[in-house]
Amino acid sequence: MSRAIVERSERPLGVESDNMVWIPGGTFRMGSNDHYPEEAPVHRASVDGFWIDRTPVTNRQFKAFVKATGHVTTAQIVPDVQDYPGARPDMLYAGSLVFTPPPRVIDLRDWSQWWSFMKGADWRHPCGPKSNINVLDSHPVVHVSFGDALAYAKWAGKDIPSEAEWEFASRGGLDGEEFAWGKTFAPGGAHMANTWQGKFPLQNLCEDGFERTSPVTAFPPNSYGLYDMIGNVWEWTSDWWSTTHEADAPKACCVPVNPRGGREDASYDSCMTNIKIPRKVLKGGSHLCAPNYCRRYRPAARHAEPIDTSTSHVGFRCVVRTPTIQP
Ligand SMILES: [Ca+2]
Ligand SMILES: [Ca+2]
């Protein structure tokens with residue numbers, strides 16, 4: 001299982017943390033033809049080797065970053081009306097999207113029933129102004145926009161993974177498999193990731209032990225030794241959103257190397273005509289992914305997120321692409 005893991009003996013320049021894993025480069029089948037249309041078509045992609053954080057960035061780590069830099073997150077800043085033409089003035093306050101189970105659901109397509117833009121919700125107050133992270137040091141940081149994630153990465157001497165890097169790492173060498181751990185969602189009945197059991201969004205059975213986020217090593221790692229690639233929190237990638245993947249290359253020689261996703265100007269939400277915020281690709285699903293609503297607890301799954309948006313179920317992890325030091 002650990003054949004592909006190179007640890008402490010070969011550390012890249014500039015990386016001081018032990019909490020990264022070397023992912024050898026390779027060619028893999030990216031995407032899936034068996035689920036949502038945005039995951040198709042399956043196509044070959046190649047990535048060079050890179051280091052990736054073993055876990056999502058935790059509250060403990062983000063706290064150190066904020067302490068060192070004084071960084072103020074997007075959720076803590078009152079939005080500028082010029083950036084949001086047509087927005088209601090009473091909605092322009094500092095806050096973030098918090099999952100709030102509704103008393104009933106009329107239409108599962110209307111996510112505003114369970115997402116509330118809550119004043120005072122931010123990374124230190126994940127469930128709103130009266131909540132805190134006092135016992136959540138080892139949980140993933142949430143309520144971070146793409147800019148917040150990138151600022152952390154730069155401070156740490158790292159970067160945000162591309163979608164191809166993220167998906168390659170999440171597969172753990174199990175090329176083309178449905179799940180990051182193999183063919184079966186819960187092998188032998190064991191939960192391999194923090195997802196949602198029961199009928200979303202009204203009934204959370206918590207059979208995996210967690211209603212919301214979980215400590216980042218609570219579930220088994222994949223074959224590369226990476227925790228929480230699937231579930232717990234969605235993770236930012238640096239690629240602009242595209243509604244489908246490119247077609248598979250006709251010949252092996254033409255397989256894209258280190259592909260970088262779509263174009264910024266094609267990433268906008270076509271349903272939002274007055275506000276143009278580009279969108280990045282999120283990967284891995286979260287603790288809110290449920291069989292009846294969002295079966296995105298798979299490496300191929302992807303989701304579009306505006307770069308200024310933060311929520312209680314989105315976090316990130318970082319990569320480093322510098323070569324290794326030869327021992
Ligand atoms: Ca759960
Ligand atoms: Ca995750």
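The values are calculated or read from the model by the stated rules, or taken from the named source; none is laboratory data. Just so it is clear, the structure is predicted and the values come from calculations on it, not from any experiment. Neighbour counts are summed over all protein chains in view; Cβ atoms, including those assigned to glycine, are modelled from backbone coordinates with ideal geometry. To get the accessible areas, we keep the full protein, side chains included, count just its heavy atoms, and leave off ligands, DNA and RNA. Shrake-Rupley method; radii C 1.70, N 1.55, O 1.52, S 1.80 Å.
Values as computed for the structure displayed
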read-out	value
Top-ranked residue of region 205-219 - restricted to ones that are open to solvent by less than 40 Å² (accessible area, probe 1.4 Å) and of a type in the set (S, T, N, Q), ranked as farthest from the chain's Cα centre (by Cα)	Ser214
Every residue from region 94-113 that is farther than 25 Å from Asn292 by Cβ and surrounded by fewer than 22 Cβ atoms within 10 Å (Cβ to Cβ)	Ala94
Flag if Thr184 is of a type in the set (Val, Ile, Thr) and either within 20 Å of the chain's Cα centre (by Cα) or open to solvent by less than 10 Å² (accessible area, probe 1.4 Å) (or both)	no
Count of residues meeting criterion [crowded, with 23+ Cβ neighbours inside 10 Å and within 16 Å of ligand 1 (Cβ to nearest atom)] in region 268-297	8
Those residues of region 165-193 which are touching a Ser or Thr at 6+ places or on another chain (Cβ under 6 Å), within 16 Å of ligand 2 (Cβ to nearest atom) and assigned to a loop (DSSP other than H, G, I, E, B), in sequence order	Gly172, Ala180
Flag if Ala249 is in contact (Cβ under 8 Å) with a residue 40 or more places away in the chain, touching a strand residue (DSSP E or B) at 6+ places or on another chain (Cβ under 9 Å), away from ligand 2 (no atom under 16 Å from the Cβ) and among the aliphatic types (A, V, I, L, M)	yes
Which listed residue, of Ser116, Ser145, Ser131, is surrounded by fewer than 20 Cβ atoms within 10 Å (Cβ to Cβ), within 22 Å of Val216 (Cα to Cα) and not acidic (Asp, Glu)	Ser131
Pick from region 255-267, criterion modelled with pLDDT of 95 or more and outside any strand (DSSP E or B), ranking: surrounded by the most Cβ atoms within 10 Å (Cβ to Cβ)	Ser267
Some residue of region 194-216 being closer than 19 Å to Lys283 by Cα, away from ligand 2 (no atom under 16 Å from the Cβ) and of a type in the set (D, E, K, R)	no
Residues that are of a type in the set (A, V, I, L, M, F, W, C) and either within 14 Å of Arg124 (Cα to Cα) or within 16 Å of ligand 2 (Cβ to nearest atom) (or both), drawn from region 46-76	Ile52, Val57, Phe62, Ala64, Phe65, Val66, Val72, Ala75
